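Student: There's a structure below that I have some questions on.
Values in this text are rule-based calculations from the coordinates and carry no lab data. Keep in mind it's a predicted model, so treat the numbers as computed, not measured. Cβ placement follows ideal geometry from the backbone for every residue including glycine, while neighbour counts extend to all protein chains displayed.
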Amino acid sequence: MSALTIFTSATTAAAVTVPATRASEDRRIPAVLGSDLEVPVKGGRLVPYANLDYAASAPCLEPVSAAVAAALPAYSSVHRGAGYASQLTTARYEQARHTVRAFVGARPDDSVVFTRNTTDATNLLARSLPEGTTAVVFDTEHHASLLPWADAVRLAPPAFPGEAVRAADEALAGIDGPKLLVVTAASNVTGELWPIAALAHIAHRHGARILVDAAQLVPHRRLNLTALDLDYVVFSGHKLYAPFGTGALIGRTDWLAAAEPYLRGGGAVKAVNDDETEWHADPEARHEAGTPNVLGAIALAAACDALNATGWSALLHEEERLIGRLRAGLAAIEGVHELSLWGPDHPRVGIVSFVVDGFTAREVAEVLSGEYGIGVRDGKFCAHPFVRHLLGAKDGGCDDVTASAVRASIGIGTTEEHVDRLVAALRDLLNRD
């Protein structure tokens, strides 16, 4: 097995060896924890849990759990520690940074800043923008991308992908000074894929940069930041089968290096004097003040390794088979209506949102859980303007249950039985007297 070797210091030159993750030889799709979970339903029975809520948080992959378990016996705080456990943990933490960089195909000089999640990563970048920067963002975005900007131009939901490119083109052309285009790679409401390569091209033509929210993309598709010419990418571990509270901001260094530290505290400083503080120039240290979530970073890297080792073609084939089965099943039920921005044939990841005639989204979700052991999400999915647009609803406030939908989402561990159980349950619901 190959290994990463570092030195504890220049004076001791004592080697610390970190076992590398070995790729699966048979490239089987890894298992998830909780696949044998049973849940209570009406009448007191226990049934196998059908988890169709991956877009909220994906379950933990077994290789991710194993990587965390392997790190725990020698766990210590990272950086500056001379002890073996600190040195070993530091090596694992920094190796995780390299793994995440490679996973998204980042440029060698791009920064990888570990954060709590996608929202935290996006807010970090928002705090790092040059003075006077204007963000351009679509109303279709998750609140994590929609809300952090001090100065923003908001664009209406586009009727088709080409209109998204045109609208971004016109908006960016009318802005002077620094500008940032903010867009999702895959919608957390409909699963639809956005034309991020074309949008990156338009942004750069106007001297702007682009931030891509890849939280819903990276669990389902390979992403290559360099090939797509993206400036920044953000995503969360908890949607990538690594639910240990870590996300990442990956991208160009200059704005991050020039910005005030996102958090002020230990680790972000080079020196503190009576009347002056010198901050780290390195963005990764500068914006990771305090003791970081080391185990979260190790888990995130392990998830990246596991998905790459499995092979994306196998993952994509299985997902498209199951999501096709689910969508066909829903389409065959009179009274169930799938939500879509760009039509049923537009490419998407394993996410489907829908409404059911005669029932609120909460009523549907509660019946699915309480009577069938099915977990789905209901509400506006932290995308209130977009969901209202899809439903043709006016702004009735955050508590308006009529302007809500049900979301079913799949991933590794989803089975045909889970999909068929959901379809059958909805059919039963609509056939009740």
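Student: Given H placed 1.01 Å from N in the peptide plane, which residues other than close sequence neighbours of Trp279 have an amide H under 5 Å from its amide H?
Tutor: Lys270
Student: Right, another one. Where the only charges are on Cβ atoms (+1 Lys, Arg; -1 Asp, Glu), what is the dipole of the range 71-309 about its Cα centre, to the nearest 20 debye?
Tutor: Details: 19 positive and 26 negative charges, 149 e Å.
That gives the range 71-309 a dipole magnitude of about 720 debye.
Student: Where a ≥ b ≥ c are the square roots of the eigenvalues of the C-alpha gyration tensor, would you call the range 71-309 rounded, which needs a/c under 1.5, or, failing that, prolate if a/b is larger than b/c, or oblate?
Tutor: Details: a/c = 2.36, a/b = 1.44, b/c = 1.63.
Taking the square roots of the gyration eigenvalues as a ≥ b ≥ c, the range 71-309 is oblate.
Student: Convert each backbone phi in the range 293-303 into a coupling constant with the Karplus relation 6.51 cos²θ - 1.76 cosθ + 1.60 (shift: θ = phi - 60°), then list the ³J(HN,Hα) values in order as whole Hz, x for Gly and Pro.
Tutor: Running phi through 6.51 cos²θ - 1.76 cosθ + 1.60 with θ = phi - 60° gives 7, 4, 5, x, 5, 4, 5, 4, 5, 5, 5 Hz.
Student: When the dipole is taken about the Cα centre of the range 311-430, and only Lys, Arg (+1) and Asp, Glu (-1) are charged at their Cβ, what size is it in debye, to the nearest 20?
Tutor: On the way: 12 positive and 18 negative charges, 62 e Å.
For the range 311-430, the charge dipole is close to 300 debye.
Student: On a 0 to 90° scale, report how tilted helix 196-205 is relative to the longest principal axis of the chain, with both axes built from alpha carbons and the result rounded to the nearest 10.
Tutor: So the inclination is approximately 50 degrees.
Student: Please turn the phi angles of the range 51-68 into ³J(HN,Hα) values with the Karplus equation 6.51 cos²θ - 1.76 cosθ + 1.60 (θ = phi - 60°), one per residue in order, whole Hz, x for glycine and proline.
Tutor: 7, 10, 10, 5, 5, 7, 7, 7, x, 7, 6, 4, x, 5, 4, 5, 5, 5
Student: Sticking with this one: With θ taken as phi - 60° and the coefficients 6.51, -1.76 and 1.60, list the Karplus ³J(HN,Hα) couplings across the range 135-150 in order, rounded to whole Hz; mark glycine and proline as x.
Tutor: 9, 10, 9, 7, 6, 7, 7, 4, 4, 4, 9, 7, 9, x, 8, 5
Student: Once fully extended, how much extra length lies between Thr253 and Ala102, figured as 0.36 nm per residue of separation less the alpha-carbon to alpha-carbon distance?
Tutor: Numbers: separation 151, 0.36 × 151 = 54.36 nm, distance 1.62 nm.
Gain on stretching Thr253 to Ala102: 52.7 nm.
Student: Can you give the net charge of the other residues whose Cβ lies under 11 Å from the Cβ of Leu316, counting K and R as +1 and D and E as -1? Intermediate values should be presented prior to the final figure.
Tutor: Details: positive: Arg221, Arg222, Arg321; negative: Glu318, Glu319, Glu320.
So the environment of Leu316 carries a net charge of 0.
Student: What's the magnitude of the charge dipole for the chain around its Cα centre, counting Lys and Arg as +1 and Asp and Glu as -1 at the beta-carbon? Answer in Debye, nearest 20. It would help to have the intermediate numbers written out before the result.
Tutor: Working: 37 positive and 51 negative charges, 126 e Å.
Around 600 debye, computed over the chain.
Student: For the chain, what is the relative contact order in percent, using Cα pairs closer than 8 Å and at least 6 residues apart in sequence? Numbers along the way, then the final one.
Tutor: Working: 861 pairs, mean separation 92.5, N = 433.
Rounded, it is 21 percent for the chain.
Student: Something else about it: So if each residue of separation counts as 0.36 nm, and I subtract the Cα-Cα distance between Asn431 and Ser313, what length gain in nm does that give? Each step should come with its number before you reach the end.
Tutor: Working: separation 118, 0.36 × 118 = 42.48 nm, distance 3.89 nm.
Here the answer is 38.6 nm.
Student: How would you rank Ile333, Ile323, going from fewest to most other Cβ atoms within 10 Å of each one's own Cβ?
Tutor: Working: Ile333 18, Ile323 22.
So the residues, fewest neighbours to most, are Ile333, Ile323.
Student: Would you order Tyr262, Tyr372, Tyr232 from fewest to most other beta-carbon atoms within 10 Å of each residue's own beta-carbon? Spell out each step's value before the answer.
Tutor: On the way: Tyr262 23, Tyr372 20, Tyr232 26.
The fewest-first ordering by Cβ neighbours comes to Tyr372, Tyr262, Tyr232.
Student: Arrange Glu288, Glu318 by Cβ neighbour counts within 10 Å, fewest through most, would you?
Tutor: On the way: Glu288 26, Glu318 17.
Going from least to most buried by this count: Glu318, Glu288.
Student: Specify the residue with the greatest mean-square fluctuation among Ala85, Ala159, Ala71, computed from a Gaussian network of the chain linking alpha-carbon atoms under 10 Å apart.
Tutor: Ala159
Student: Connecting C-alpha atoms closer than 10 Å in a GNM of the chain, tell me which of Pro73, Pro130, Pro385 has the biggest fluctuation.
Tutor: Of Pro73, Pro130, Pro385, the Gaussian network model singles out Pro73 as fluctuating most.
Student: Taking square-rooted eigenvalues a ≥ b ≥ c of the alpha carbon gyration tensor, is the range 155-285 rounded, prolate or oblate, where a/c under 1.5 means rounded and, failing that, a/b exceeding b/c means prolate?
Tutor: Details: a/c = 2.78, a/b = 1.50, b/c = 1.85.
It is oblate, given that a/c is not under 1.5 and a/b is not larger than b/c.
Student: Hand me the tally of lysine pairs in the chain: alpha carbons under 29 angstrom apart, and the pair either on different chains or 8 or more positions apart. Display every interim value, and only then the final one.
Tutor: Working: Lys42/Lys380; Lys179/Lys239; Lys179/Lys380; Lys239/Lys380; Lys380/Lys394.
Lysine pairs meeting the criterion: 5.
Student: Between Leu155, Leu249, Leu125, which gets the highest mean-square fluctuation from a Gaussian network model of the chain, Cα cutoff 10 Å?
Tutor: Its mean-square fluctuation being the largest, the pick is Leu155.
Student: Something else: Return one number: the angle in degrees, 0 to 90 and rounded to the nearest 10, between the long axis of the Cα atoms of helix 312-331 and the longest principal axis of the Cα atoms of the chain.
Tutor: Taking the Cα atoms of the chain, the angle to 312-331 is about 30 degrees.
Student: Then there's this: Which value at 222 nm does the chain reach when only helices count, each DSSP H run of 4 or more adding -39,500 (n - 2.57), with the total divided by all residues and rounded to the nearest 500 deg cm²/dmol? Intermediate results must be reported in sequence, preceding the final value.
Tutor: Numbers: 14 runs with 153 residues, N = 433.
When only DSSP H runs of four or more count, the value is -10500 deg cm²/dmol.
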